Every structure is written in structure tokens, then in C-alpha cells.
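The values are calculated or read from the model by the stated rules, or taken from the named source; none is laboratory data. This one's a predicted model, so the numbers in the text were calculated from it and none came from an experiment. Quick reminder, even Gly has a Cβ in these numbers, built from the backbone with ideal geometry, and neighbours come from all protein chains shown. The accessibility values were calculated without ligands, DNA or RNA, using every heavy atom of the protein model including side chains. Shrake-Rupley method; radii C 1.70, N 1.55, O 1.52, S 1.80 Å.
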Amino acid sequence: DDEYYRQMWRKEYEVGCRIDSPYVVRPHRLIDTEEECTLVMDYVEGQTLEGQQLTLSQIRQVAVQLLQGLVAIHESGVVHLDLKPSNVMLSSLNGDVRIIDLGGCYSDSFPFSPAATKGFSAPEIREPGLHLDARADLYSVGQIIQYLIGLSSCPDKCSDRQSLQDVIDRATRQE
């Protein structure tokens, strides 16, 4: 019955229909009647990145697919703005990434209503009046990679870890 949440479902449906990527969950149908508002989407057999202990090779694959999904999102004129481990699914079938939850995204066709998550969202999201763009999502990717590395059992001296750390440092740079 809450119009705010109905608007988020409508936004997620309309925006999601514009995005064509195997790494972004697609909506199929929006049921929007007086009695209900339901969004029918792809079913992803798997779990979110929340708490996942991955190898550095798997983390690298997640990062690449996450960035490929973001290319499709950004080319569709959308900025996700709430990328975090719980908004990224890993398919149990092939380990592929599926970005979910576009309800708080920025899109020219809908009012701005970001759902920022402390620790993962770019600092500028909390600054009223600042222009937000794809860089905010890149910051979140860096934070997600950092989070996943923190759960990994790779020793600090791994060369793979250093290459991922370089990506993190660039993605989370303040300028």
C-alpha cells in the first residue's frame, strides 16, 4: 500500500527493461493493480556475495563480470548507486555475477531516490546537490573487492592480491 515502494518497483521494472546484460537480473513483468504491486524477475539459483569466501581468481572473475554488468547499466543511462555484496548474486550453476536491486538507482526518467549503504556507497551520494555519475558505482566496486579480499584466505604477499589492490586504490580514490 506504500506509494514510495510501488514507485521503486515501477522504476526497477522500467529501468531494468532497458538493460541488456547477462550480468544484470532482468524483469519480465510488473503487476501493478490497486490490490498489489509485484515484480516478476529472472530467478537466480545462488547466493549473494555477502559472506562469500572466494579465491582471488574467483574475486577477479566477479570484478570483471560486475564491471561488464555496469557497462550495460551505465550505457542505459542508469547509475545503480547501491552496489554492495547483498545486491550482487553469484549463480550456483556457473558462478556468474547477477546485479540486482535497481530500485534506488538514478535515471533521468525517475525521481532521485538513492538507497546508499554505508561502507559501500560513494561519499558523494550523501552530499546534496552533487552530480552523481558512473564513478559512484566504480567506487562501490572497489569497496566490494576490498570486502571480498578481506574474506579471502590468500596471504598478503600474493601478487594477485596486489593487482586487485591496485584496482581498489584506483576505484576508491577521492578525486
| said: Can you confirm whether residue 67 is surrounded by 21 or more Cβ atoms within 10 Å (Cβ to Cβ), of a type outside the set (Gly, Ala, Ser) and touching a helix residue (DSSP H, G or I) at 6+ places or on another chain (Cβ under 7 Å)? | reply: no
| request: Considering only residues that are small (Gly, Ala, Ser) and in a helix (DSSP H, G or I), look in the range 65-80 and name the one that is nearest to residue 166 (Cα to Cα). | output: 69
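Table: residues versus (1) modelled with pLDDT of 80 or more; (2) farther than 21 Å from residue 76 by Cβ; (3) under 15 Å from the mean Cα position of the chain (by Cα).
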residue	(1), (2), (3)
114	no, no, yes
118	no, yes, yes
122	yes, no, yes
143	yes, yes, yes
149	yes, yes, no
| Condition broken by residue 163, with the remaining ones in (1) at pLDDT below 85; (2) assigned to a loop (DSSP other than H, G, I, E, B); (3) surrounded by fewer than 15 Cβ atoms within 10 Å (Cβ to Cβ) satisfied | (2)
| task | Would you check which residues across the range 47-64 are assigned to a helix (DSSP H, G or I), out of contact with any helix residue (DSSP H, G or I) (no Cβ under 6 Å at 6 or more places or on another chain) and open to solvent by less than 80 Å² (accessible area, probe 1.4 Å) and list them? | result | 57, 61, 62, 64
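Any idea which of 38, 48 is β-branched (Val, Ile, Thr), over 14 Å from residue 107 (Cβ atoms) and more than 15 Å from the chain's Cα centre (by Cα)? Give the steps one after another, and end with the answer.
Details: 48 fails: more than 15 Å from the chain's Cα centre (by Cα).
On inspection, the qualifying residue turns out to be 38.
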| request: Taking the residues in the range 12-33 that are closer than 18 Å to residue 97 by Cβ and free of Cβ contacts under 8 Å to residues at least 40 places away in the same chain as candidates, determine which candidate is most open to solvent (accessible area, probe 1.4 Å). | output: 26
| task | Can you work out which of the residues in the range 14-35 that are under 16 Å from the mean Cα position of the chain (by Cα) and of a type in the set (Ser, Thr, Tyr) is farthest from residue 86 (Cα to Cα)? | result | 21
